[in-house]
1. Quick one: count up the residues across the range 209-244 that are touching a helix residue (DSSP H, G or I) at 6+ places or on another chain (Cβ under 7 Å), open to solvent by 50 Å² or more (accessible area, probe 1.4 Å) and part of a helix (DSSP H, G or I).
2. Quickly run through the range 8-57 and pick out the residues that are of a type in the set (Val, Ile, Thr) and outside any loop (DSSP other than H, G, I, E, B).
3. Look at Trp189 and say whether it is more than 16 Å from the chain's Cα centre (by Cα) and more than 27 Å from Trp244 (Cβ to Cβ).
4. Residues Val176, Val205, Val181, Val192: which one is open to solvent by less than 50 Å² (accessible area, probe 1.4 Å) and within 30 Å of Ser256 (Cα to Cα)?
5. Only residues that are in a helix (DSSP H, G or I) and either among the basic types (Lys, Arg) or in contact with a helix residue (DSSP H, G or I) (Cβ under 8 Å, 6 or more places away or on another chain) (or both): list them for the range 129-148, please.
6. I'd like to know if the range 149-171 contains one or more residues that are within 21 Å of Thr236 (Cβ to Cβ) and either outside any helix (DSSP H, G or I) or in contact with a Cys (Cβ under 8 Å, 6 or more places away or on another chain) (or both).
7. Quick one: which residue in Thr105, Thr83 is modelled with pLDDT under 95, buried (at least 17 other Cβ atoms within 10 Å of the Cβ), in contact with a helix residue (DSSP H, G or I) (Cβ under 8 Å, 6 or more places away or on another chain) and of a type outside the set (Asp, Glu)?
Amino acid sequence: MTDCRYYCMMRREEERRLGGLSPVQYHGKWPFKRVSVFQEPLSAALSALNLLMHFTGWLSFFLLVKYRLPLRPQTKKTYYEYTGLWHIYAILSMNAWIWSSVFHTRDIDLTEKLDYSSAVAVLGYSLILTLLRIFNVKEGATRVMFAAPILAFVTTHILYLNFYELDYGWNMKVCVAMGVVQIVAWAIWAGVTHHPSRLKLWVVVFGGALAMLLEVFDFPPYKGYADAHSLWHASTVPLTYLWWSFIKDDAQFRTSTLTLVKKAR
């Protein structure tokens, strides 16, 4: 069924090209040229690379907080208050890139919904984590108050996409809105904080803002392979490396601050 849809789409696009017409989107996606089993080879490969970047970033973070930084003497837990939250972020991010790789390899209803749902989930969670970190929220009850309305909205949106209508335009607006809020929040925080790694954060913020423009101002795939979405995947590779570098620096900074305070007492 998917092969039939693909070949019909490509035949239709060839007719449009011969007629001097521009490419159009089908079911929210541009027509791409396949390579073996890969329906969107460039996006699939770059999604896998982003998955690798998140895995290596999380692994280096885990090794840092678990074995290189001091632990609390009584509990043997990390001093860094956001360790567990970043572990969850890593899991959600890797899950999102796994399904992005699968979806760009084979586009069927199931993989499409899993890809979109996973992307919304990690965006919603990262928005929560952004607010918790920049407002320095440590208490469990306060964290729940921050997270509850966002979790409710994200859950409702995911259910809407899966069981009511997979509205591409509405989903794009929701994702862009959550992304913009995070970028603005981190930008303001980077401007007022004295964090030693704020320069890395500035690069991620401005790089992320520029990368988001690729998602907003879409264009057809060049030579049938590279479109704006695949270029967005490419831009997130170095940004992911720098982002995890900032997270590790933040863990070191907070641990150093808390241990110095403890010694001063």
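1. 4
2. Listed by number, the residues that qualify are Val35, Thr56.
3. no
4. Within the list Val176, Val205, Val181, Val192, the selection yields Val205.
5. In the first step, residues of the range 129-148 are kept if they are in a helix (DSSP H, G or I); the result is 129-134, 140-148.
Result: Leu129, Thr130, Leu131, Leu132, Arg133, Ile134, Arg143, Phe146, Ala147.
6. no
7. On inspection, the qualifying residue turns out to be Thr105.
Results for (1) at negative phi; (2) touching a Leu at 6+ places or on another chain (Cβ under 6 Å); (3) β-branched (Val, Ile, Thr), shown as yes or no for each residue.
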{"position": "Leu159", "(1), (2), (3)": "yes, no, no"}
{"position": "Tyr164", "(1), (2), (3)": "yes, no, no"}
{"position": "Val174", "(1), (2), (3)": "yes, no, yes"}
{"position": "Gly179", "(1), (2), (3)": "yes, no, no"}
{"position": "Ala190", "(1), (2), (3)": "yes, yes, no"}
{"position": "His194", "(1), (2), (3)": "yes, no, no"}
{"position": "Leu199", "(1), (2), (3)": "yes, no, no"}
{"position": "Pro221", "(1), (2), (3)": "yes, no, no"}
{"position": "Thr236", "(1), (2), (3)": "yes, no, yes"}
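The values are calculated or read from the model by the stated rules, or taken from the named source; none is laboratory data. Not measured: the values here are computed from a predicted model. In this analysis, Cβ positions are derived from the backbone assuming ideal geometry, glycine residues included, and neighbour counts consider all displayed protein chains. Surface areas here come from the heavy atoms of the whole protein model, side chains and all, with no ligands, DNA or RNA. Shrake-Rupley method; radii C 1.70, N 1.55, O 1.52, S 1.80 Å.
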